[in-house]
Amino acid sequence: LMFGALAAAVAIFFLAALSVMLGTRNRELAAQVAQLSQSLDRAREETLLAREESVRTNEINNIVTAPGALVAVINGTEQAPGASARLVMDKRTGRAVLAAHGLPPAPAGKTYQLWYIAEGKPQPGGLFTTDGEGRALLSDRVPEAGRGASLFAVTLEPAGGVQTPTGGMYLRGSAS
């Protein structure tokens with residue numbers, strides 16, 4: 001009887017120790033699964049961003065290398081004398097890309113807006129903000145009425161943009 005009780009106690013102790021070890025291992029594996037899941041999510045996000053960047057780069061290359069693409073040098077005004085930009089526009093497709101440098105950061109509630117000026121009438125273009133070094137890259141769809149533009153400007157407008165320029169002009173230039 002005593003031997004049976006001792007055997008049962010050893011078995012219970014062994015099972016309890018095994019249960020604790022298995023529980024600990026289970027928690028370790030669950031933590032590893034969570035880490036791997038987070039890594040997989042990050043990898044998926046990075047892949048998606050890389051795909052989007054690849055599409056954007058391809059789109060920009062198509063605009064810049066389009067036969068007959070219009071190129072405009074846009075210089076800073078009194079508002080931003082050190083700023084400049086290059087605009088390339090494919091009149092056939094109405095796609096444009098603007099690369100700006102040296103613009104001051106837009107204040108809260110404001111954004112930069114590109115304008116296509118054809119026959120003295122400004123046509124609203126895309127909105128953009130700058131990075132910490134005053135750089136911006138905008139891929140835009142030119143409004144039909146703006147495809148004949150030979151003058152271009154960038155103004156500082158309320159967030160969300162406007163249909164006619166209201167803010168200070170930061171960049172202005174014409175097609176070469």
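Could you list all residues from the range 99-118 that are assigned to a strand (DSSP E or B) and touching a residue at least 60 places away in the same chain (Cβ under 8 Å)?
Going through the range 99-118, the residues assigned to a strand (DSSP E or B) turn out to be 99-101, 110-118.
Residue satisfying the conditions is Ala100 alone.
Pairing each residue of the range 70-97 that is in contact (Cβ under 8 Å) with a residue 60 or more places away in the chain with any residue that is open to solvent by 50 Å² or more (accessible area, probe 1.4 Å) and among the hydroxyl-bearing types (Ser, Thr, Tyr), provided the two are 6+ apart or on different chains, yields C-beta distances under 7 Å for Val71/Ser176; Ala72/Ser174; Ala72/Ser176; Val73/Ser176. Report, by residue number, each residue of the range 124-151 that is open to solvent by 50 Å² or more (accessible area, probe 1.4 Å) and part of a strand (DSSP E or B). Leu127, Leu137, Arg141 - these are the residues of the range 124-151 that are open to solvent by 50 Å² or more (accessible area, probe 1.4 Å) and part of a strand (DSSP E or B). Among the conditions (1) aromatic (Phe, Trp, Tyr); (2) out of contact with any Leu (no Cβ under 7 Å at 6 or more places or on another chain); (3) under 15 Å from Leu103 (Cβ atoms), Tyr170 misses just one, which is (2).
Would you mind stating whether Gly160 is in a loop (DSSP other than H, G, I, E, B), open to solvent by 60 Å² or more (accessible area, probe 1.4 Å) and not polar (S, T, N, Q)?
On the way: in a loop (DSSP other than H, G, I, E, B): yes; open to solvent by 60 Å² or more (accessible area, probe 1.4 Å): yes; not polar (S, T, N, Q): yes.
Spelling it out, Gly160 is indeed in a loop (DSSP other than H, G, I, E, B), open to solvent by 60 Å² or more (accessible area, probe 1.4 Å) and not polar (S, T, N, Q).
Per-residue answers, yes or no, for (1) hydrophobic (A, V, I, L, M, F, W, C); (2) closer than 27 Å to Ala159 by Cα; (3) open to solvent by 90 Å² or more (accessible area, probe 1.4 Å):
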| residue | (1), (2), (3) |
| --- | --- |
| Leu40 | yes, no, no |
| Glu46 | no, no, yes |
| Glu59 | no, yes, no |
| Ala69 | yes, no, no |
| Ala96 | yes, yes, no |
| Trp115 | yes, yes, no |
| Pro122 | no, yes, no |
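Look at (1) open to solvent by less than 60 Å² (accessible area, probe 1.4 Å); (2) farther than 19 Å from Gly161 by Cβ; (3) in a strand (DSSP E or B); (4) not basic (Lys, Arg) and you find that Ala31 fails only one, number (3).
The values are calculated or read from the model by the stated rules, or taken from the named source; none is laboratory data. Fair warning: this is a prediction, and the values are worked out from it, not measured in the lab. Neighbour counts run over all protein chains shown; Cβ positions are idealised from the backbone, glycine included. The protein model used for the area step is the full one, side chains on, heavy atoms only, and it has no ligands, DNA or RNA in it. Shrake-Rupley method; radii C 1.70, N 1.55, O 1.52, S 1.80 Å.
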